[in-house]
């Protein structure tokens, strides 16, 4: 099974903070910037971590750091997708 896949737009000043806090939680999710210009991140979340990850994101939404957040089909599950 592939991880759950989410994307989020993050305010530019909040990027470093979100990444630092996320990485303090070992194995909660793997993050990557997919659109540096617009501060869009992608997150790969293991099945057992989804509820904790959603709580994590909810906090950053309440702080105004995450402005757009959505779950999408995992792009790595499609063998025709270019990484």
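Key figures
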{"read-out": "MRE, 222 nm, helices only [DSSP H, n ≥ 4, -39500 (n - 2.57), over the chain, to nearest 500]", "value": "-8500 deg cm²/dmol"}
{"read-out": "Acute angle (nearest 10 degrees) that the helix 50-62 long axis makes with the longest principal axis of the chain, alpha-carbon atoms", "value": "40 degrees"}
{"read-out": "The range 4-73, relative contact order in percent, only Cα pairs under 8 angstrom and at least six apart counted", "value": "50 percent"}
{"read-out": "Shape call, the chain: gyration tensor on alpha carbons, a/c limit 1.5", "value": "oblate"}
{"read-out": "In degrees, nearest ten, helix 15-24 long axis to first principal axis of the chain (Cα)", "value": "70 degrees"}
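We did not get these values from a lab; they are worked out from the coordinates using the rules stated. In this text, all values refer to a predicted model and were calculated from it rather than measured experimentally.
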